[in-house]
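Take a look at the structure set out below.
The values are calculated or read from the model by the stated rules, or taken from the named source; none is laboratory data. Since this is a predicted model, take the numbers as computed values, not measurements. Neighbour counts are summed over all protein chains in view; Cβ atoms, including those assigned to glycine, are modelled from backbone coordinates with ideal geometry.
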Amino acid sequence: MDATLGGSSADTALVTSHKPTGKISDPIFVGLLWASGIAVLLILGLIIAMLFEGGLPALREFGISFLWSTSWNPVTEKFGAGVMVFGTLLSAIIAVIVALPLSFGIAFFLTEIAPGPLRRPIGVAIQLLAAVPSIIYGMWGFFVVVPLIAAYVQPPLIEWLGPIPVLGALFQGPPLGAGMLTAGLILALMILPFITAMFVEVLESVPPMLKESAFGVGATTFEVYRNVSVPYGNTAMVGAVMLGLGRALGETMAVTFVIGNATRMSASLFAPGATIASTIANEFPEASMGSLKLQSLLQLGFILFVISFIVLALSRMLVRSKIKG
Amino acid sequence: MKFANILGAAAIAVGSLVSGGAFAADINGAGASFPAPVYQAWAAGYKAKSGTGMNYQSIGSGGGQNQIVNRTVDFGASDAPMADDKLASNNLLQFPTVIGSVVAIVNLEGIESGQLKLSGPVLAEIYQGKITKWNDPKIAELNKGVKLPELAIVPVYRSDSSGTSFVFTSYLAAASADWKSNVGAATSVQWPTGAGAKGNEGIAGTVKNTKGAIGFVEYVYAAANKLTTTDLINKAGKAVKPTEAAFMAAASAADWKNAKNFAASMIDTAGETAWPIVSATYILLPKNPSNAAQSAEAIKFFDWAYGKEGDEIAEKLHYIALPDSVVEDVRKAWKAEVKADGKAVWTN
């Protein structure tokens, strides 16, 4: 998919040799194509510029420490992005840590192990997971997952792991069910289909000859997987994970339902937290025009944009370097 | 801050298209979500009677204020009253429509509605994380004879900024000087402890799922869903139950005569039977409407809503109607202050 989107230099010569001449309709068509292409850049540029311009007063007010200040107090109008940046990154990282092994397992099962009749239903099921709207994940998370975690997962973990020094700090607080860990788990489920789909693509692109040779010299399934398939596609796989991470960073509705929405810093995975997206969703409707709160929210949006941009740019670089190399 | 305006305007434009707002006479309003059910019920009742429709977009109080400041709607709606200087600089008339109240809900085994009594200072300490167990002596003192478990209290609050949070935190600030100076009152605050949940539904769901949880919701919501509410000790030191009579007592105890822009506080009033967490919700109307006919239609709508039919609809939905004297003052304000070309747009 990336190869076709990126285009390859071999096609360029073909296009130039067939350059449309003489007709009126063709230049118009080509012009429209140019316009569509440029429009994307323009829209993206305008969004970035608008977010930055809108958030600039907040940055002026609080300085660069806005990025890490952990205060979010609408009463005293002291705003900082620290808690949300932390929450955004932590929940997305938890999601990737949980989704990664699952995706590996599913993708390898689908490409190597699953018998033909089973392959389709599982593939469709994975695609359906991607089609579920995030608000549905949020509601399901809130009404089903949160009570289950509060009743069966958190109390034993708090009891067993809580007293351990250092590590125990991750498992503190009342068993609310909602919190950073729950948000990470729901996010994991949401990014799973994307990562899996790309893994399947990568694994399918491994030349059969390589795998058969490995089997031929007596390698086990696991050894073929570890020594042939994964190394062959590893860079593209890292790219897939980064794309999943990018999606997890910006997810809003599902997270808002299950993260517990507390603008306080906490080391505990069970403690309620907030992400940039959830804070914007929560606070935006009541932020009045021209207020410092609205400006801070726009600045938060800009920060999220920058974080997502960095993650996506990294993933594109990794995927592209693999395809070209 | 064009973005918010464009977004809101787009939402309203789409909304009015969807709801068949092709008729020019339809009234457009936007804002607070708390009174949205009664405004929508009024709209249906008024349409049946007069043929004029009213489209109300429940986009939050902040959004309502923004929309009316930009004049993209005929009226804005806000739970928290707008500041006097902001009203003046934007040439807006503010008036209340209905009264609502906030109640505390709990999840404690064996405790039913009305069995538990709490007070403002105790609630403030619970939400500050200073009282952490249900069998704390301060709670036990208010509840002699009630068996209280040694269970952690889990405070739950609104994660989305809302008028309900404003009313509740205003009450905590009135009841506790400590809360006032350390946390304050606003549509969203930096809650010292507990977990946030989205909307009344979110709070109710979290409280239901969490043993030992306490939360606050609008009475309208608690009544409709039969949630376990607590009694509160009011300023007069009397324990009161959250009933419509108690809310009305608070409304009549409020100092409407001296309130600027009708922003009379009904928080922690002195009445013996008054429920302490009561507040009105407001409408914002331009004093210098660009379209006088449209503005007159909006006023006609609210004039009807203040009448017998409107009151009945509000009552059915558990909202409290305004005291008659206040309604009369609002009508006077319409006549005196909403003018186009020097003439009142609405005359009764």
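Values computed for the structure shown
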quantity	calculated
Subset of the range A:80-97 [surrounded by 23 or more Cβ atoms within 10 Å (Cβ to Cβ) and among the hydrophobic types (A, V, I, L, M, F, W, C)]	A:Ala81, A:Val83, A:Met84, A:Ala92, A:Ala95
Any hit, the range B:145-153, residues being in contact (Cβ under 8 Å) with a residue 12 or more places away in the chain, within 14 Å of chain A (Cβ to nearest Cβ) and outside any loop (DSSP other than H, G, I, E, B)	yes
Within the range A:287-300, considering residues that are of a type outside the set (A, V, I, L, M) and outside any helix (DSSP H, G or I), the one surrounded by the fewest Cβ atoms within 10 Å (Cβ to Cβ)	A:Gly290
Residue within the range A:252-274 that is closer than 25 Å to B:Asn70 by Cβ and more than 8 Å from every other protein chain (Cβ to nearest Cβ) present	no
Single match in B:Gly310, B:Gly271 (criterion: in contact with a strand residue (DSSP E or B) (Cβ under 9 Å, 6 or more places away or on another chain) and not aliphatic (A, V, I, L, M))	B:Gly310
Residue satisfying condition, being assigned to a helix (DSSP H, G or I), among the aromatic types (Phe, Trp, Tyr) and surrounded by 18 or more Cβ atoms within 10 Å (Cβ to Cβ), within set A:Phe270, A:Phe284	A:Phe284
Pick from the range B:18-30, criterion at pLDDT below 90 and either buried (at least 18 other Cβ atoms within 10 Å of the Cβ) or within 14 Å of chain A (Cβ to nearest Cβ) (or both), ranking: farthest from B:Ala314 (Cα to Cα)	B:Gly21
Residues satisfying the stated conditions in the range B:174-193, i.e. more than 7 Å from chain A (Cβ to nearest Cβ) and either among the polar types (S, T, N, Q) or touching a Pro at 6+ places or on another chain (Cβ under 6 Å) (or both)	B:Ala175, B:Ser176, B:Ser181, B:Asn182, B:Thr193
Residues that are in contact with a helix residue (DSSP H, G or I) (Cβ under 7 Å, 6 or more places away or on another chain) and within 14 Å of chain B (Cβ to nearest Cβ), drawn from the range A:173-200	A:Pro175, A:Leu176, A:Gly177, A:Ala178, A:Met180, A:Leu181, A:Thr182, A:Ala183
Flag for A:Ser134 being surrounded by 14 or more Cβ atoms within 10 Å (Cβ to Cβ), among the polar types (S, T, N, Q) and touching a Ser or Thr at 6+ places or on another chain (Cβ under 6 Å)	no
Pair list, Cβ under 6 Å, 6 or more apart: the range A:166-187 residue among the small types (Gly, Ala, Ser), other residue at pLDDT below 85	A:Gly168/A:Gly162; A:Ala169/A:Ala267
Test result for B:Ala246, at pLDDT 90 or above, within 25 Å of B:Leu123 (Cβ to Cβ), out of contact with any Cys (no Cβ under 8 Å at 6 or more places or on another chain) and part of a helix (DSSP H, G or I)	yes
B:Trp275 vs. criteria part of a helix (DSSP H, G or I), aromatic (Phe, Trp, Tyr), out of contact with any Lys or Arg (no Cβ under 7 Å at 6 or more places or on another chain) and surrounded by 20 or more Cβ atoms within 10 Å (Cβ to Cβ)	no
Residue satisfying condition, being among the small types (Gly, Ala, Ser) and either facing another protein chain (nearest Cβ under 10 Å) or touching an Asp or Glu at 6+ places or on another chain (Cβ under 6 Å) (or both), within set B:Gly202, B:Gly215	B:Gly202
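To keep it simple, each residue is scored yes or no on (1) at positive phi; (2) of a type in the set (Gly, Ala, Ser); (3) in a strand (DSSP E or B); (4) within 14 Å of chain A (Cβ to nearest Cβ).
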| residue | (1), (2), (3), (4) |
| --- | --- |
| B:Thr52 | no, no, no, no |
| B:Gly76 | no, yes, yes, yes |
| B:Met82 | no, no, no, yes |
| B:Pro96 | no, no, yes, no |
